[in-house]
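No value in this document is a laboratory result; all are computed from the given coordinates. Here the structure is a predicted model, which means the values were calculated and not measured. Counting neighbours? That spans all protein chains shown, and the Cβs are built from the backbone with ideal geometry, glycine included.
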Amino acid sequence: MNRYGEQAMEHWRQSRPQAYRELEDPQEYFTDLGTQIEQEVEARARQLAGTEPDGEGYLQRLGRLNNARLEAEGAVLRERVLLEEEPEQD
């Protein structure tokens with residue numbers, strides 16, 4: 001399980017315990033989810049980074065790629081991992 005799967009599993013344990021308990025095989029579910037998230041982050045980061053501008057130096061390129069990755073990762077995590085908490089059960 002990659003770090004995205006681990007992060008999702010921990011979030012669900014704490015914030016979505018009912019949904020977590022209902023999973024038949026949490027290990028498999030979060031392993032698959034982590035792989036999907038990783039692929040989506042990579043695809044979005046490439047799209048956000050765009051093409052290398054003329055005259056871009058190493059540090060500028062590094063900054064552009066890192067910023068694209070961070071932006072993509074944040075968006076995907078908000079959409080796929082950091083889901084709303086379950087309402088309190090009485």
Multiplying the sequence separation of M1 and T51 by 0.36 nm and subtracting their Cα-Cα distance, what value in nm do you get?
14.8 nm
Quickly estimate the mean residue ellipticity at 222 nm for the chain, helices only: each DSSP H run with n ≥ 4 gives -39500 (n - 2.57), and the total goes over all residues, rounded to 500.
-24500 deg cm²/dmol
Once the Cα atoms of helix 58-80 and of the chain are each reduced to a long axis, what angle between those two axes, in degrees from 0 to 90 to the nearest 10, is obtained?
20
Other residues with Cβ under 13 Å from the Cβ of R69 give, with Lys and Arg +1 and Asp and Glu -1, a net charge of -1
For the chain, set up a GNM with springs between Cα atoms under 10 Å and report which of L59, L70, L33 has the largest fluctuation.
L59
Among (1) 2.25; (2) 0.97; (3) 1.38, find the value of Cα Rg over 2.2 N^0.38 Å that was calculated from the structure presented, and write down its label.
(3)
